[in-house]
Structure formats: C-alpha cells, structure tokens
Amino acid sequence: MSTDPAPSTAPPGDGLAGAIDDLPLVDHHVHGALAGDLDRREFEELITESDRPIPSWMTQFDSQVGFAILRHCAPVLGLAPHADPAAYLARRAELGAAEVNRRLLGASGIGHFLIETGYRGDEILDPAGMARVSGRPAEEVVRLEAVAEQVVAAGTDAAGFADRFAAALWERSRTARGLKTIVAYRHGLDFDPRPPAPAEVTEAAGRWLRAVESTGRIRVDDPVLLRHLIWTGVDRGLPLQFHIGYGDPDVDLHRGDPLLLRGLIELAEPSGVPLLLLHCYPFHRHAGYLAQVYPNVYFDVGLGVNYTGARSAAVVAESLELAPFAKILFSSDAWGPAELHHLGALLWRRAMTRVLGGFVADGEWSEARAVRVATMIGVENARRIYRLGDATCP
Amino acid sequence: MSTDPAPSTAPPGDGLAGAIDDLPLVDHHVHGALAGDLDRREFEELITESDRPIPSWMTQFDSQVGFAILRHCAPVLGLAPHADPAAYLARRAELGAAEVNRRLLGASGIGHFLIETGYRGDEILDPAGMARVSGRPAEEVVRLEAVAEQVVAAGTDAAGFADRFAAALWERSRTARGLKTIVAYRHGLDFDPRPPAPAEVTEAAGRWLRAVESTGRIRVDDPVLLRHLIWTGVDRGLPLQFHIGYGDPDVDLHRGDPLLLRGLIELAEPSGVPLLLLHCYPFHRHAGYLAQVYPNVYFDVGLGVNYTGARSAAVVAESLELAPFAKILFSSDAWGPAELHHLGALLWRRAMTRVLGGFVADGEWSEARAVRVATMIGVENARRIYRLGDATCP
Amino acid sequence: MSTDPAPSTAPPGDGLAGAIDDLPLVDHHVHGALAGDLDRREFEELITESDRPIPSWMTQFDSQVGFAILRHCAPVLGLAPHADPAAYLARRAELGAAEVNRRLLGASGIGHFLIETGYRGDEILDPAGMARVSGRPAEEVVRLEAVAEQVVAAGTDAAGFADRFAAALWERSRTARGLKTIVAYRHGLDFDPRPPAPAEVTEAAGRWLRAVESTGRIRVDDPVLLRHLIWTGVDRGLPLQFHIGYGDPDVDLHRGDPLLLRGLIELAEPSGVPLLLLHCYPFHRHAGYLAQVYPNVYFDVGLGVNYTGARSAAVVAESLELAPFAKILFSSDAWGPAELHHLGALLWRRAMTRVLGGFVADGEWSEARAVRVATMIGVENARRIYRLGDATCP
C-alpha cells in the first residue's frame, strides 16, 4: 500500500496559535493613521461608522469595538486589560499620538500595508508616513472616484472628461498596487453592469459639470459616470476593490448586497482583473458564494472584524464556508486611530486561531492544513494577487 | 504610572449568571396573557406564528418552542423537566389558568410590562389585569392602526379623518408609554417614507371608507394612510415601535427587511423620536447596523428568542455585534399562554448568560462589563427611552 | 401528583451519536454517482459548484469540501485521514471507480435514495444502477423542465404543447416519488405565481418553438412556460421539490430567496401538495420561517452541508430554529463523485450529533427527544411525505 501517506506531521499543540501570531500579515485594504492627538469626543466619533454626534446618554466605548480597545490596546499602552475609558484616554494623551501610533502599529505585526488614499487623505498619514512609523512597506490603492473628482477640480469640459480621466488614472496609479471603487456609496450595487457608450459618458459628464457649477460641490454619483470609472479601472488592469456591505450611513445597505454584482462579474471575467469584495458584512456568505463560482472574485470580512469585537470569530467562521481558501484575504479597513489598525490584525489572529483551532480540535482539519490556510488568507493570497514580490509596473 | 487602573474588580465566578437572574427586566413589547383555560388544539395553535390548523401528522410541541415549554415551564407547574405534552397539559388544566398565569408570570422576574393592546385585546388580560396577576407595573403601548380603525368604526367622513385620528390618538395615548405600527403587516416596509400631503390623506380616507362600506370590513392597508399614521405618531412624540421581520404569514417577509426603513429613519431623525425595531429575525444583523449608524434607532430580538428555543443564544449573540449596547432592548412579544411570557424572560437570561459568559471566559470582556451590558439591555435602556421613572404625561 | 411524568429515560451517554450513526437515512434529493474513473482535473471540477476551469494558481482541494474528502473519505479507501490530494487520487485510481463507489455508497448508511434524473442523467448511474451498487432502494424524482424539453425534442406544435407535456409528465412519473423544478435557475423565484391561461401557454410555446428552430438549442426559460410546468406538477399531485439558493453560477442568487415563493405557496396550499425547498443556503433561515407558518412547506440544507464541510454543523444548527421538526429533511444533492454521496450523509450525522448533543449537554433537550428529532429529519419525515412504505401509484 505504497500510496498510504506518511503520518500527519502537524506542529505541536500550540503550533497553530504561534504560527498565526507570527504571520507578517498583508493588510490589503487600510487607510492611514492619524498623526495628531484626539480628545474624547473626537476619539469616540472615530470608533463608529456613524457620522452623527455621539448622543449625550451613551458612550461609544459601550460597544464591541470599544470593549476590544479597552481590552487589547490598553496593555500596549502599559495599562491593565479592561481599562476604563477615561484612564485609557488619559494614558493615550500622556504618551502622545506619535508614540501611540508607533506602539500600536508596531505591535500589530502587519508586514505590508496597501493603503487606500481616497478618503480624507489629507488628515491622515500617507503611505510614506505609514511606512516610516511602522517600519514596514506601505503601497497605494487609488480610489477611482477621487481621481475623477480631481480631474473635474482641475478643470475639464464634458467632451474631454473621459480622456482626461484615463490619463489621470494611469498617472495616479503608476506605482499603485490596486484600485478601489465606492459605487456602493455613490449609487448602490444595483447598476447596469455594461460599460456606457462614449456619448453617454460625455452627456453624463456635462450634467455633472453643470451640477458642480450650480452647487459648488464636486461629488460624482451619476451611475453612468460611476460605471465608466469602473470599466476604465478594469482597463487599467490592476486588482479592483469594491466597498461592499456595512459602512457609514451614506451607504444604502439594502442596495449593497454583493449578489447584485453578478452581471458585472461576468462581463469583467474575460479581462482577468481580480475583483476584491471588501467587508461584505452582513452579506459575507453571499460573497463566499461568488468567490466559489467565479474565478475572478475574492473577498474579505475587513471592517466587520473590528466592529464585532468579541463576536468577530463568528464572522470569520462564516467567511470560511463556500469560498476556496485561495480566494479569501485579510484587511483591517482601519482609518484614523491606530487602535483600529492594531485590532484589525489582533482580532483576526484571535478569530482564526479560535475557528481553525476548533476545526482541528473537532478532528475535521489537520493542524498543518490549518496553518497553511491561515498563511494563505493572511499573507500569500494578497502577495499573489497584488504581485507584491514584483516591482510596480507603470 | 498613576494612570494605571486598579485591578479588575469583577464579581466572583458565578456573579454574571446570578446578576442576570436577578434583573427586574422591562418587557418593552408584550401582550396580555389569556385568562381562560385551553384545550390541546387551542394551546398548540398559540405556540406558533402560523395561523393554519396544526396538521394531523404533526404536533407543534415538536419544535424549539415546544421543547422549551416542556423543559422550562414544566418545573414551574411542579413537573419534572422534559415532560410529555399530554402530562404537561393535564397538569396545566389541573392547576387552572389563573394559577398557571400566577406561577409563570411571577417566576419570570419581569419587573415592568409595556403592553401593546392592539391585537385581539378583548381576548387577553388588559394592562390592569396583567399588573394584578403579576404584581408588577403594566403600562400601555398603543397600536396606531387599531386607533385608526376605531375612528372609522365610530364614524367619520374622509375630510374629517385626519383630525379625528389625531384627536383619538392623543386621547388613547394619554397615559401610554409608546406607540406601535404594523405597517410591515399591512403593506411591507418598502413604502414612500415621506409624510403624505393632507389632500392625499383625505383622498385615501375616502377610498378606505368606500371599501369599508362595500365589504363591511374595517382594515387599514392603504400605504398613504399607513404613512399618515406613522407621521402622526412621530408628531405625538412617544417612542415608536415597528414590527420587523418574522411574524405570522400575514407578513410578506421579503418586504420586511429593516434596511427598507432607511429613508423614514433619516426623515424622522430631527424629531428625536426613538424608533424601536422589534424582533427583526432573520434580519437582526441589519437592525444592529441601523442602530449603530442612526442615533434614533433601537432594536430587540423579541419574538425570535422564544421561537428559537435552544438556539436562542445564537440569535442573541448575533444581536450583539454592531449596535452600541445602549441601543439594544429586551422584549418577549408574548401573546396568550403565559408560557410565552415566562420563556421570553428565561430564555433571554440563559442566552445572555451563555453569550456574555463566553466573552468573559475567552478573556474578551471583564465580568463587570458583562453585568453592566446585561443590565443596560434588560432594564436600563428601556427605562431611559420610555422614561419609566417619570409620571406619564398627556 | 399523579400527572408527574416518569423520570427521563434517555439512552446512555453516547446514545445520541450511536443512534444517529445507525439511522438508515432517506436521501430525498440526490443524483447518480459517476461510473467511470476521473483524472485530477475532472475530479476537482466536480467538487465545486463553479462551472469554470480551476485556475492554475489554486486547487479545489483547498476548500471545506476538499478538506472533508481528504479527512473522511480517505479512510474508506484505506488511507489515513488528512491524506494529500495526490495520494488520495492515486489510491482512488488504484481501486477503480466501481470499487470506490461500492465502498463510499455502502459506508454512507443511506437507506433509500430518491434520485433526480434530470441533470446530465446519461453521464451517471441511473436509479437501477444506484440500487445495484449500494444495495438499497433507489427511486426517481422527475425534473419538470427536462420533461418539457423532451416533449419539444420529440416534436410538437404550440397548440399541442400543453396536452403533450401533461401526457409525458404522467407517463414519466408513473413510478416516481416526486417532481422537481429548477425555475430558480431558469428564471429566478420572482415570478408571477398564478397559473397562466391556456392561451398564454400556447403563445409562449410558440415563442419557444421558434427560438428552438432559430438557435437549435432546446432550453425552457420562458416564465409563462415555467409557471405552467409548476402548476401542471401541482396537478400531478406528487411532492414537488424546488431548487433554492446556492448552486452553480447559472443561478442568479439575488433572485433565489425562498421568501419570493410566498404567493405560489399560498396559491398551492389548497392542493395539499408538499413543496420541498432544497438547500436554501444562505437563505435557510428564511426557509425555516416558511416551514413554520405554511403547512405545505418543507425544507433541507442539502448542498449546503457538503460544501461547508467543517462548518456544516453551524449551517445545520441554523436550520433548527423556526421550523417544526416534522418539516425538515435530509438530502445530499450529490452528483458525480461518490465522495459527495458519502460526505452528505457523514457530515449531516456529525453535524446533528454535535448540534443536538449540544442541546442535551446544555440541559435544553432530553436525549430521547434529540434521538427522535434526528430520526424524524433523517428518515421519518421523508418516508411520510413520499409515502415510501407504499407501492408507487400511477
């Protein structure tokens, strides 16, 4: 019976936890950390997706992410776990933002940042700043809608918009690793998936320019233009990230189910461009289905990990159902307080250890396979998709 | 390092379970208990949301809620746990409904009932009766649609409907703690969120009155009128409950996703009126999202706890993800057999103990925080939202 | 207190696991096993619902179902658990498909197969072949759409289609136990639920025949015709299975929510025909709701068990919430490699043991009740619904 395999060579008992702790994660969708100090009101408003003021009768610390900060970030700042909010913020102020960032980013064990710069990018550390503070490579993901708005801010006519946008996108993404679209915020995922005709784009650009003129506000939300940005992004050929599911109330979550992208996924399939569905909560099982049946679809549960805190193991577990393990990634989607960057990695490691460790304890997986899957999801899939070993190519 | 907090002062090992058992819960959405005795057929038809006869080849006891009754209510009636249905119902008959109600309501540990009286209110104990049997305060929540139907039953013309409804609502809710709408049953949540114009209301009232005349049936289901009731309710200013999700087959659950309420939530936000999303199963994660991003949104998993029985801990766990803990409430939605009132409280306590105890055991939460969250959700949030410490105000 | 029940007479400690292992399951929706050998590429393409080639940078073994095969099927072929894919496939080839089928089907403990023959039925074992290999009864479930396409292939005019289809359906289902519709694949579940008028059917048949003539392809996807097939199926009176939820990318999953069937369920209710919702993932909680409130609705989590592997206990647990236990069934939906037939049964047994065993360990259910529920879901419900004790009736 020469085909019998050698006995399992799984690492010793705590091998899985140790291996997961040691992974140099690729955070494939993240934003910069804030360089400045924060008062309590500012801090609380940055640890929720709500854009409303915190009501006087509650504190945002009374939430899963709040408890997770007090539990897991407090020790990094030299406090005992489960600190009080006031003590935590006092200690944070005492250390200062630079030291807090250095500690939290350093202890996260992130090995590589892919930083999306399109959202309030002037308030946070840019990729170079993130690389400096963390000591790790930090490369860029370019937001399509931000480039389009910069083109209009710089001045264009309707007929020239498409060419100017293409030129700007190629220039802005010269050294980028990926692109990102927020069509979910600007319209919803229930858009006509076909590339619009050039005449439609010009006409829509004209409408937009007139609206900018009359309102003084530059914000692209016309579905024809949004589709044009996406298809230009597909032409650019870099991996393309989609905000999906949970986010701030600017999103109409009822129109945020990734199943709505089926038409686009099928039309984009021949291009070979990887489509990366971000966050996806509470539709992460839908994303797992798409990742099984379409070779060009990948997903993560990004933002859903931080904001579910002690429940994040359940969310991660639900992401490990239909999708082949080569199609799942890790991200934190952190923006602002470095607590979010730190927790994104820490909670993911704890969740993976608990979930995969459970599969091993139940006799369903070998430990060696569990280590390999964690390595694929945490590191290798992103390195392959974004070609992180390669030099960037213009 | 003077900012280091004192060591955690969590209560001893079983502190969490004991604290949760002792909570004087506010059941913020419940109906009366049946005063009379029930035969087996009647009992079985009251422990399901189906309004169909129980098929001859099954018993409704073979369900999660059935097993929970036989497990948890049997001891309250003096039987061993896991009684047989026949033995359980025989014992119930032997004790009589009054004694059964006294035992089950008393042992529930409910501290305060908010009783919605709009559904077959003449068949069950009214708030005064519930207060008498339970020995606890019982106040009222008024159903908007029932008031509108009473206005029509009492006689009105189309032009006078809006004024008469407003007057009746103010009068009926003089001492009420909240209002309730069942627009989910009567139309679905996919309605135009804007308040209708007075002329539209009059026109719709005319259509309704003609329909009442020709059919002899008084039932409001015109979306213009339903919107008018809701906006009049918002003007009334009391906390406003919405039936959401799972319920009897009169609801089209495909149109019952709370994400459909986004437009209304945003339009009602300036009023400051708390909007309370009830039950929400299987859309409770969607409700948790709304509760995070909108200050005026609250929710519970009410009815979903009783009917999932041994699985209710999973449902409760899923409700503890995105929402700040100040935005989650407890309710039983019990109607009829006092078993449902009893189980609503008991299963919630068991679920919270298991879920929060798990967070503590995993090292994610301190026990003190777990006790505080259970107290907020079980008691304090409802006391704050409904101002239960205050006298009622006309 | 003569009504006190006797003390619980649950079987000893491992009684539940043993009882579940011994159940002679009725697999009420399954397809034939492949009679021939498979190379690695072919094998990998049959253990996913994707119809695309496996990308070069991944293996389909790196998935829940892949790991489950290597864990649970390897020992049946004489290998250690957690075999390598190459070793597994080499051993499979060494044994040959006939021996592999004999081992895997035999060890599955399936007691009765209901085989749906409408999908590529010429490539796999037919019911007689399955009965021969497994040594267990194998009866047929007839796919409505396949019969309609055979009618057109055999030749008909538009006016004669309805009669010819009815005649063919009665003939084809003479000894069948049930019918099946794939309207979810061919249109989506968002169809007008009413039976179409005869003139509409003739007109739609005419459109279809002209399309067949011009394209040379026979595929029914006109919603009028699909509705006609379903209502003819209801008239035939056999239990009617619906593909629901997850499947290959031919399905638009966004239109696959079983809640969309509400209108049809209500219209079909007076017929008394059992409607069986298959798979339902990720909408299985929606199916559980329908099964609670409508007497004619049943469901399973079929395909969702195999493809979630180590996570299948979570999916099974979610299926045990709202539905009465008389309304839930077991199926594997296996097609092709006998690994899928084997795993469907094995993973279901493991999941039920874990989930129901948890209810018992938590003190929520008695062990005797757990055994009974497993027996209902695994065996008895299907025997009752499909009248498996009876002779088939023309």
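Of all chain A residues, the one whose Cβ lies closest to the rotation axis that maps A onto B, given with that distance rounded to whole Å, is A:ALA314, 5. In terms of overall dimensions, the range A:40-95 has a Cα radius of gyration and Dmax of 11.1, 32 angstrom. Under the simplified labelling scheme, the B:ASP221-B:GLU99 pair shows an inter-label distance of 4.4 nm, with each label point 7 Å from Cα along Cα→Cβ.
A straight Cα-to-Cα reach below 18 Å connects A:LYS327 with the aspartates and glutamates A:ASP27, A:GLU266, A:GLU269, A:ASP300, A:GLU318, A:GLU380, C:GLU44, C:GLU45, C:GLU49, C:ASP51, C:ASP62, C:ASP248, residues fewer than 8 places away in its own chain not being considered. Across the range A:128-181, Cα-Cα pairs more than 12 Å apart make up 68 percent of the total. Ranking C:PRO137, C:LEU46, C:GLY118 by how far each Cα lies toward the positive end of the dipole of chain C (charges on Cβ) leaves C:PRO137 at the top.
Report note on the peptides B:44-56, A:26-38, C:266-278, B:161-173: ranked by the mean count of other C-beta atoms within 10 Å, highest first, their order is A:26-38, C:266-278, B:161-173, B:44-56. Per-residue ellipticity at 222 nm from helix content only, as computed over chain B with -39500 (n - 2.57) for each DSSP H run of at least four residues, stands at -13000 deg cm²/dmol. Quick one: work out Rg over Rh on the C-alpha atoms of the range A:281-326, Rh as Kirkwood radius. Ratio value, two decimals: 0.98. Span-like helix check, chain C: qualifying full DSSP H segments, with Cα axial length of 20 Å or more and mean Kyte-Doolittle of 0.0 or more, are C:338-361. Between the range B:340-394 and the range B:108-161, the alpha-carbon centres lie 25 Å apart. Size of the range A:19-164 from its Cα atoms: along the principal axes, largest to smallest, the extents are 60, 43, 26 Å.
If I take R0 = 30 Å and measure r between the Cβ atoms of B:ASP163 and B:ASP190 in this structure, what FRET efficiency does the formula 1/(1 + (r/R0)^6) give, to the nearest 0.05? Efficiency, rounded to the nearest 0.05: 0.55.
Measuring r between the beta carbons of A:ALA197 and B:ASP122 and using R0 = 56 Å, the FRET efficiency lands at 0.30. Counted over chain C with a bin width of 20 Å, the fraction of Cα pairs per bin, in whole percents, is 27, 56, 15, 1.
What's log10 of I(q)/I(0) for the range B:220-317 at q = 0.12, 0.22, 0.25 Å⁻¹, Debye sum over Cα points only, no solvent? So the normalised log intensities work out to -0.40, -1.19, -1.39.
Classify the range B:247-394: rounded, prolate or oblate, from the alpha-carbon gyration tensor (a ≥ b ≥ c, eigenvalue square roots; a/c under 1.5 rounded; otherwise prolate if a/b is larger than b/c)? Judged from the Cα gyration tensor, the range B:247-394 comes out rounded (a/c under 1.5).
What shape does the range C:134-279 have by the C-alpha gyration tensor, where a ≥ b ≥ c are the square roots of the eigenvalues, rounded means a/c under 1.5, and otherwise prolate means a/b greater than b/c and oblate the rest? It comes out rounded by the Cα gyration axes. Over the Cα atoms of the protein assembly as shown, the radius of gyration divided by the Kirkwood radius equals 0.95; this is the Rg/Rh ratio.
Taken along the Cα-to-beta-carbon direction at a fixed 7 Å, the label points for A:ALA361 and C:GLU42 span 4.2 nm.
Quick note: the coordinates plus some simple rules give every number you see, no bench work behind them. Everything numeric in this text was worked out from a predicted model, so none of it was measured. Reconstructed Cβ throughout: ideal geometry from the backbone, glycine too, with neighbour counts over all protein chains shown.
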